Amino acid sequence: MKESKFIRYFILVHWLFFAGTSVLDKIIPDVYPLWVGADFYTLFVKLFASLGITDPIFATSALALVSTLEILVFVCYLFSFVYEVKDKKKAAERWFNKGISISLVLFSLFSIGDQVFGDRFTLLEHGIFWCILLLSWTVYSYYSSADSKKISLGSKLVIQSAIIVASALTVITSISILKFSESTWNQKKSPVVGVEIAENIYKFDYPFLGDKYTLETTLKTFEQNHSELKVNYIYTGPSELNTKKKTHMLLYIFTEKVTK
Amino acid sequence: MTETKNNNQQDLVRYFIIGYWSLFWLLNVIDKIIGGAHFLFVGRDRFAQVERFFDSIGLEHPLYANVALIVTAGLEIFALVFFLGSLYYLISKNLDTARSWFFIGIGFTLATFTFFSIGDQVFGDHFELLEHALFWFIALLSLIVFINIDRIALPNLVRTSGKQRYAFIIVVVLLTVITTTSIFYHNHTTFIQRTEARSAEQISENNFKIQFPFLAGSTAFENSLRKFSKEHQKLQIDNIYTAPNPLRLGKSDGLIIYIQTKPKQ
């Protein structure tokens, strides 16, 4: 196979999944089993409310317009992919070009919205996606017209050795992943042990696996083990107190002695 | 076919590219093998991250996170091995084969980031989606540069006149001395802030403020609480309020906490 065909596939498949999952995210607007996605409806309602437009019809219509454009993009990429598989290069190119053009319009619209709603971080995000789209279009177009080199990996023995080495490394890494998973999984359910850092003040260094259920178990266990204390107040250590990425979450519990 | 010249300057760029991607995947694989934070390696607890993602979609069992991590590790390892193969062929001056191995390595890299992007959409993490889209694009761009670098005339990086070289060395040494002196002096005067207890400033009858320097960590916080409890033995901490970012002065304020107290009973 030639390099150019691979490159076109890499680009096409990436944008096909990108657009496909974006459309799916609009069809499934909330959190469900097997899908979390982003809550665009809430986002749009809040953005329009910040402009003083509280009637949900505007947010809903804007979201419907965005979804329509995303569907157009997805269908263009899907057609391009089908034609690419059928080896109809020109038709694949035409559909890909249409898809990218609509995508660029969509991200330009998003950027206008970000300016109107004053969201500079999202403006940067959409600007970056716009740029990636434009440049991947350029690369796709270049490899549609340029002469291409055939992939030749040289000696069969070297390729086989590389595959054996990679497979062996994958097995070693998999064993390590499974061992780590087995040894840390209990942190999810086990209560975190507190350390008294000052009179009646306890610190809990949460593991990365810890979640709301871990907190609940921790509190229950703490109360059972310290029946002489009453929890007055829980303070979540702000990220400034963390040792960069090593600390997940620090929790401080302020207590007082129960007077009978 | 692309015209290729085996030029040293162009090869240097190729070494940079292969070196970058080889190290990128090597460290990612090491991160997966080590797992968790250890002395001299913190990395990322990928198991916890992926498990929480799957838990959020209702798949709590660790099996799902393990399978996803193993598939990811497999893609990363194959990318690494093909980059190392490319490096081997580049050192052996077999540019055509080096290019093909690099191409397959980039193919695994692009597949990995596309796989991550699908996950980001499913789990609703749009910041990670942007991050992975950027890496996907950087990988694609590296491939284009690797393939087409021969078309660009690069200036020779090594040959500079003696005068320029001396001027360069003098400026670099001078600036390095000034900068390192400043860094070491700063370390000498401020490192203590990392753990030192801060004093509380009373702002109303039962409210106190503690302002922490940027260097302060959890030990400084705990020492400050201990100091506060010792200095105000008749008071009991009722509540701690962390000043949110909008209340802080630009980037010049570190952590600020307000302690609300009540008399001890």
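Only the coordinates and a few stated rules stand behind these numbers; no lab work does. Quick caveat, the model's predicted, so the values are computed rather than measured. All Cβ positions, glycine included, derive from the backbone under ideal geometry; neighbour counts span all protein chains shown.
On average, how many beta carbons from a partner chain sit within 10 Å of the beta carbon of a residue in B:172-184? Numbers along the way, then the final one.
On the way: counts 0, 0, 0, 0, 0, 0, 0, 0, 0, 0, 0, 0, 0.
Rounded to a whole number, the mean comes out at 0.
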Rounded to the nearest 0.05, FRET efficiency between A:Ile57 and B:Val71 (Cβ-Cβ, R0 30 Å) equals 0.10
Helix B:126-148: inclination vs chain B longest Cα principal axis, degrees, rounded to 10, gives 30
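With +1 on the Cβ of every Lys and Arg and -1 on the Cβ of every Asp and Glu, and nothing else charged, how large is the dipole of the range A:29-91 about its Cα centre, in debye rounded to the nearest 20? All intermediate terms of the calculation are to be shown ahead of the outcome.
Values: 5 positive and 6 negative charges, 80 e Å.
The calculated dipole for the range A:29-91 is roughly 380 debye.
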In units of 2.2 N^0.38 Å, the Cα radius of gyration of chain A is 1.48
The lysines whose Cα lies under 27 Å from the Cα of A:Lys89, excluding any fewer than 8 residues away in the same chain, are A:Lys2, A:Lys5, A:Lys98, A:Lys149, A:Lys150
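Placing unit charges on C-beta atoms (Lys and Arg positive, Asp and Glu negative, everything else neutral), compute the dipole magnitude of the protein assembly as shown about its Cα centre in debye, rounded to 20.
Details: 50 positive and 44 negative charges, 281 e Å.
Around 1340 debye, computed over the protein assembly as shown.
With charges only on Cβ, +1 for K and R and -1 for D and E, what is the dipole size of the range B:8-151 about its Cα centre, in debye, rounded to 20?
On the way: 8 positive and 13 negative charges, 108 e Å.
Using only the charged Cβ atoms, the result is roughly 520 debye.
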Log entry: pair-distance distribution for the range B:1-100, C-alpha pairs binned every 10 Å from zero, whole % per bin is 14, 33, 24, 17, 10, 1
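Other chains near A:249-259: what is the mean number of their Cβ atoms within 10 Å of each residue's Cβ?
Rounded to a whole number, the mean comes out at 2.
Apply the membrane-span-like helix rule to chain A: whole DSSP H runs, Cα extent along the own long axis of at least 24 Å, mean Kyte-Doolittle hydropathy at least 0.0. List the helices found.
A:3-27, A:56-85, A:89-117, A:120-145, A:156-184
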Taking Cα atoms, the helix B:95-123 axis meets the longest principal axis of chain B at an angle in degrees (rounded to 10) of 40
Long-range share for the range A:188-257, i.e. C-alpha pairs more than 21 Å apart as a percent of all pairs, stands at 21
One checks the Cα atoms of chain B and finds Rg and Dmax, in Å, of 27.1, 87
Stretched fully, the stretch from A:Lys220 through A:Ala146 gains (0.36 nm per residue minus C-alpha distance, one decimal, in nm) 19.9 nm
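Quick one: what do you get for the range B:45-158 if you divide its Cα Rg by 2.2 N^0.38 Å?
Values: Rg = 17.7 Å, N = 114, 2.2 N^0.38 = 13.3 Å.
Normalised Rg, Cα atoms only: 1.33.
So if we plug the beta-carbon distance of A:Ser50 and A:Asn242 into 1/(1 + (r/R0)^6) with R0 = 30 Å, what FRET efficiency do we get, rounded to 0.05?
Numbers: r = 31 Å, r/R0 = 1.05.
E(calc), rounded to 0.05, equals 0.45.
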Taking a ≥ b ≥ c as the square roots of the eigenvalues of the Cα gyration tensor, with a/c under 1.5 meaning rounded and otherwise prolate when a/b exceeds b/c and oblate if not, the range A:99-234 is oblate
D (µm²/s, integer) via Stokes-Einstein for the range B:194-263, Kirkwood Rh across alpha-carbon pairs, 37 °C, 0.692 mPa s: value 265
Stokes-Einstein, Kirkwood over Cα pairs, the protein assembly as shown, 37 °C, 0.692 mPa s; D in µm²/s equals 119
Cross-link reach from A:Lys212 to lysines, straight Cα distance under 24 Å and at least 8 residues apart if same chain, gives A:Lys188, A:Lys189, A:Lys203, A:Lys220, A:Lys230, A:Lys244, A:Lys245, A:Lys246
GluC sites (Glu not before Pro) in the range B:140-246 lying in a DSSP loop, each with at most 11 other Cβ atoms within 10 Å of its Cβ, come to B:Glu205
Distance in nm between B:Thr160 and B:Phe41 label points, each 7 Å along Cα→Cβ, equals 3.7
Between B:Arg248 and B:Glu201, the two model label points (7 Å from Cα along the beta-carbon direction) sit apart by a distance in nm of 1.6
Counting only backbone N atoms under 14 Å from a point 7 Å out along Cα-to-Cβ of A:Phe121, the residues of the range B:90-134 in range are B:125-131
At the level of C-alpha centres, the distance separating the range A:82-117 and the range A:19-53, in angstrom, is 21
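Specify whether the C-alpha gyration tensor of the range A:125-178 places it in the rounded, prolate or oblate class, a ≥ b ≥ c being the square roots of the eigenvalues: rounded for a/c under 1.5, otherwise prolate if a/b is larger than b/c and oblate if not.
Working: a/c = 8.01, a/b = 1.48, b/c = 5.41.
Oblate is the answer for the range A:125-178, as a/c is 1.5 or above yet b/c matches or exceeds a/b.
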Distance in Å, no decimals, from the C-alpha centre of the range A:151-223 to the one of the range B:115-162 is 29
For the range A:3-145, Rg(Cα) over 2.2 N^0.38 Å is 1.15
Among the range A:194-226, those whose backbone N falls under 11 Å of a label point 7 Å along Cα→Cβ from B:Lys264 are A:199-200
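List the trypsin sites (Lys or Arg not before Pro) in the range B:134-191 that DSSP assigns to loop (not H, G, I, E or B) and whose Cβ has at most 16 other Cβ atoms within 10 Å. Which are they?
Those satisfying the criteria are B:Arg159.
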In degrees, nearest 10, the alpha-carbon axis of helix B:62-91 is tilted away from the dominant principal axis of the alpha carbons of chain B by 50
Rounded to two decimals, the Rg over Rh value of the range B:78-131 from Cα coordinates and the Kirkwood Rh reads 1.22
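Averaged over peptide A:176-186, how many Cβ atoms belonging to another chain are found within 10 Å of each residue's Cβ?
6
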Candidates B:Leu235, B:Leu90, B:Leu75; GNM for chain B (alpha-carbon contacts under 10 Å) flags as most fluctuating B:Leu235
